[in-house]
Amino acid sequence: METFAAKKIEVEQVEQLLLECPENIIVQVAPAVRVALGELFSMPLGQNCQGKMITALKKIGFQNVFDTDFGADITIVEEANEFISKIRHGEKLPMFSSCCPGWINNALVSFRDVLPQISTTKSPVGCFGSLAKRYFAKKNNVSVDSIYVVSIVPCLLKKAEAQAAFNKTEDIYDVDFTWTTKDLAMLIKERGIDFSSLEESSFDNPLSSSSGGGKIFGKAGGVSQSLIRALYYYLEKREFTDKITFEVSPAIAEVQECTLSIASKEYKFARTNIVGANKILKEIRAGNCDYSFVEVMACMGGCVMGAGQPAFNTFPGKTFNDVRVARKEALEKSDVESEIKCAPMNLDLIKLYDYLSLQPYSPLAKKYLHRDYSKYGK
């Protein structure tokens, strides 16, 4: 069983706010967290403990517990429309994903000349935070800056992402506090909550429904799969449910790729890590890249193996790959069980856009849900 360091300052700050103004605090939980948190309470490897996790958050004092999967659907709706806009305006491809802060930091430092090809869409926690603040402010007739968003994530770098200048909307941060899976487990233990014995609860509405595509963001390839589904929906007006198979690239060992025909045009999709991304970026500089979209995840296996998750060696006799596969399969099971598979079909998302007078990739959507990378480091 893992041990924990002293309580983090952002946990203490949120605890104080929960005493002062619990009605103005929103917590969102990333998909990878729920398939790893239970491991820190002697539950089976990769078990999806979503219901118990929500109950624990309620016991801690959160009144508004929402699902970052909803934010993942927002990200895909924006990213898909951004991709389609690039196609229609003849802009240079590939477009790169923008969810992983490790990848974005790498590109901002080493490949600034390729920044126009990186999606400007914020990550799911940022998209959720921006719209949730404005939804609650309008609904409760309060100022946007009186709403606080707490994100529980599998990634240590999400803490830095939340504080980046390009993740502000109207000079207000989209996310105010960031906890990792370990931070949450530490607080549950400190409160003396018997996690494994908790009854199950459901996320609050309306900012928690999601497509199956939103549920698989935490695994490598999940962003690509979700985007492909959305592109079929927008360009062919149908729900795409076919299995997508990525094969190892014959040119770059770190890259897996697939080619699909969408609306009578072929598109080549890739997923990779930062090593592979750097090789692709060098190919772009040399004019030798034929990819349409590239998903980049810094952590091997995606967010399920993030640095804020339980260590893979918590289970004696289990390898890194055993842990990765167990967590990945738990997310895939959630996708299989979802009634809808495609982000643009999320009715609650459509209602939220209408409520805030938004259209995907419109000027207002760009203001709320997209980044200006020129603000990096400012």
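In the neighborhood of residue 241, defined by Cβ-to-Cβ distances under 9 Å, what is the net charge if each Lys or Arg adds +1 and each Asp or Glu adds -1?
Computed value for this residue: +1.
Based on Cα positions only, what radius of gyration and what Dmax would you give for region 51-142, in angstroms?
In Å, with Rg to one decimal and Dmax whole: 17.0, 52.
Just the number, please: percent antiparallel of the DSSP beta bridges in the chain, rounded to the nearest 5.
Counting DSSP beta bridges with both partners in the chain, the antiparallel share is about 40 percent.
Can you run phi through the Karplus equation (6.51, -1.76, 1.60; θ = phi - 60°) for region 251-265 and list ³J(HN,Hα) in whole Hz, with x for Gly and Pro?
These are the phi-based 3J(HN,Hα) values: 9, 10, 4, 7, 10, 10, 9, 8, 10, 10, 9, 10, 6, 6, 9 Hz.
Looking at this model, which pairs from 122/237; 279/375; 139/215; 133/351; 122/367 are more than 21 angstrom apart at the alpha-carbon?
Correct reply: 122/237; 279/375; 139/215.
Rg/Rh for region 83-221 to two decimals, with Rh computed the Kirkwood way over all alpha-carbon pairs.
For region 83-221, the value is 1.01.
Across 10 Å bins from 0, what is the distribution of all Cα-Cα pair distances for region 237-378, in whole percents?
All Cα pairs considered, the percentages come to 9, 24, 35, 27, 6, 0.
Quick one: Cα centre-to-centre distance for region 258-326 and region 123-160, in angstrom?
Each part reduced to its Cα centre gives a spacing of 27 Å.
With n ≥ 4 as the cut-off for DSSP H runs, can you work out [θ] at 222 nm for the chain, using -39500 (n - 2.57) per run divided by the number of residues, rounded to the nearest 500?
For the chain, the value works out to -12500 deg cm²/dmol.
Check cross-link reach from residue 189 to the lysines: straight Cα distance under 21 Å, and skip same-chain residues fewer than eight apart.
7, 8, 52, 58, 59
Hey, got the Cα dimensions of region 212-280 along the principal axes, in Å, largest first?
On the principal axes, region 212-280 reaches 35, 28, 18 Å in Cα extent.
Once whole DSSP H runs in the chain are found, which of them have Cα atoms spread over 27 Å or more along the helix axis and a mean Kyte-Doolittle score of at least -1.0?
Answer set is 68-88.
Coordinate-derived values only; no laboratory data. Since the model is a prediction, treat every value here as computed from it, not as a measurement. Note that each Cβ is placed from the backbone with ideal geometry, even for glycine, and that neighbours are counted across all protein chains shown.
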